[in-house]
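Okay, so here's the structure we're looking at.
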Amino acid sequence: MVLSQQDYEASDDSIQLETLALPPHPSTVVSPEDAIALFGAVGRGDASAVVAMEHAFGCRNRRGDHALLYAVKCGHKHLLRLLAPREAGLLGAAGCTALQLAARSGDLAALRILLPFEVFVVDDANRTALDYARSAGADEAEAETEAFRRVAYAANTHKRAARVETPLMEAASAGNREGCRRTLRDVGRRDGRGRTALYLAAKHGHVACVKLLAPFEWSITTDVGKDAIEIARDRGHMSVISVLQSFFDAALS
């Protein structure tokens, strides 16, 4: 559903937005005015205004949605590429990601944009976008199930294709923060052993890269269920452990 300006101004999203310090900027407090401006821009589909409110990315409205998930709800596909690099991986109030919402609703256009960012992210119940697509298809009328089969196929295909080492992983392993920043398009992808760029940065003790990548990949584990903080503990990287623990505490509070 696409909300008009009038619909947005009449909704709860236009009032009483919380001041939060949430990922990807756990140390930044977003004022209610800035949050209102960001969600108003998303509701209108105003790309220029969204870019102008970049400093507010990561905040949530009163309903617990972040801007990326709200853009999916509003049907503004052109905003997803602006918001995904900074908000991918965040769960909404319902415990799911923007990609999972798109999979559940059969929104193929949003799915194609969000798959590279969130295909491996799990929800509060450890479900992936593929699980959402399959469950949604089972609940729909037979005439509509083909759309959900396409969602499931796309998610599964991308998952298989993504299991290769990416430039982001290479930069993270080398401790090249600027290289990581330039290749954030690969965020969320895993190598043949299920390791993310964050995991590799933590493994090698690269604190600056860990700080950059943690907001996007903190919830992703390897094929054997190991996460970034565990490998940092194994390697004795105390600075990395401190960064990750602080971030996890902020993200999960």
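Take Arg149 and tell me if it is at pLDDT 75 or above and open to solvent by 20 Å² or more (accessible area, probe 1.4 Å).
Details: at pLDDT 75 or above: no; open to solvent by 20 Å² or more (accessible area, probe 1.4 Å): yes.
Against the criterion (at pLDDT 75 or above and open to solvent by 20 Å² or more (accessible area, probe 1.4 Å)), Arg149 does not qualify.
Have a look at Leu91, Leu111, Leu99 and point out the one that is in a loop (DSSP other than H, G, I, E, B) and under 24 Å from Arg195 (Cα atoms). Spell out the reasoning first.
On the way: Leu111 fails: in a loop (DSSP other than H, G, I, E, B); Leu99 fails: in a loop (DSSP other than H, G, I, E, B).
Residue meeting the stated conditions: Leu91.
Give the residue that is least open to solvent (accessible area, probe 1.4 Å), with candidates limited to residues of region 208-253 that are among the polar types (S, T, N, Q) and either out of contact with any Phe, Trp or Tyr (no Cβ under 7 Å at 6 or more places or on another chain) or touching a residue at least 60 places away in the same chain (Cβ under 8 Å) (or both). Even if it seems obvious, please write down each step before you answer.
Taking region 208-253 first, the residues among the polar types (S, T, N, Q) are 219, 221-222, 239, 242, 245-246, 253.
Checking the rest, the ones that are also either out of contact with any Phe, Trp or Tyr (no Cβ under 7 Å at 6 or more places or on another chain) or touching a residue at least 60 places away in the same chain (Cβ under 8 Å) (or both) come to 219, 221, 239, 242, 245-246, 253.
On the way: Ser219: 34, Thr221: 56, Ser239: 76, Ser242: 68, Gln245: 69, Ser246: 72, Ser253: 121 Å².
Checking each candidate, the answer is Ser219.
Only residues that are of a type in the set (D, E, K, R), open to solvent by 10 Å² or more (accessible area, probe 1.4 Å) and in a helix (DSSP H, G or I): list them for region 55-88, please.
Lys73, Lys77, Arg81, Arg86
Might you let me know whether region 138-146 holds any residue that is farther than 17 Å from Thr97 by Cβ and either modelled with pLDDT of 90 or more or touching a helix residue (DSSP H, G or I) at 6+ places or on another chain (Cβ under 7 Å) (or both)? I'd like the intermediate steps shown before the answer.
Initially, region 138-146 is screened for residues farther than 17 Å from Thr97 by Cβ, giving 138-146.
Now restrict to residues that are either modelled with pLDDT of 90 or more or touching a helix residue (DSSP H, G or I) at 6+ places or on another chain (Cβ under 7 Å) (or both): 140, 145.
Scanning region 138-146, I find at least one residue that is farther than 17 Å from Thr97 by Cβ and either modelled with pLDDT of 90 or more or touching a helix residue (DSSP H, G or I) at 6+ places or on another chain (Cβ under 7 Å) (or both), so the answer is yes.
Being closer than 14 Å to Gly89 by Cβ and under 19 Å from the mean Cα position of the chain (by Cα) is the requirement here; does Asp249 meet it?
Working: closer than 14 Å to Gly89 by Cβ: no; under 19 Å from the mean Cα position of the chain (by Cα): yes.
When the stated conditions are applied, Asp249 does not pass them.
Which of the residues that make up region 38-54 are small (Gly, Ala, Ser), surrounded by 17 or more Cβ atoms within 10 Å (Cβ to Cβ) and part of a helix (DSSP H, G or I)? Full working, then the answer.
Kept after step one, since they are small (Gly, Ala, Ser), are these residues of region 38-54: 40-41, 43, 45, 47-49, 52.
So of that shortlist, the ones also surrounded by 17 or more Cβ atoms within 10 Å (Cβ to Cβ) come out as 40-41, 43, 45.
Answer for region 38-54, where residues must be small (Gly, Ala, Ser), surrounded by 17 or more Cβ atoms within 10 Å (Cβ to Cβ) and part of a helix (DSSP H, G or I): Gly40, Ala41, Gly43.
The values are calculated or read from the model by the stated rules, or taken from the named source; none is laboratory data. Quantities reported herein were computed from a predicted structural model and do not represent experimental measurements. Virtual Cβ from ideal backbone geometry, glycine too; neighbours counted across all protein chains shown. Surface accessibility is based on the protein's heavy atoms, side chains included, excluding ligands, DNA and RNA. Shrake-Rupley method; radii C 1.70, N 1.55, O 1.52, S 1.80 Å.
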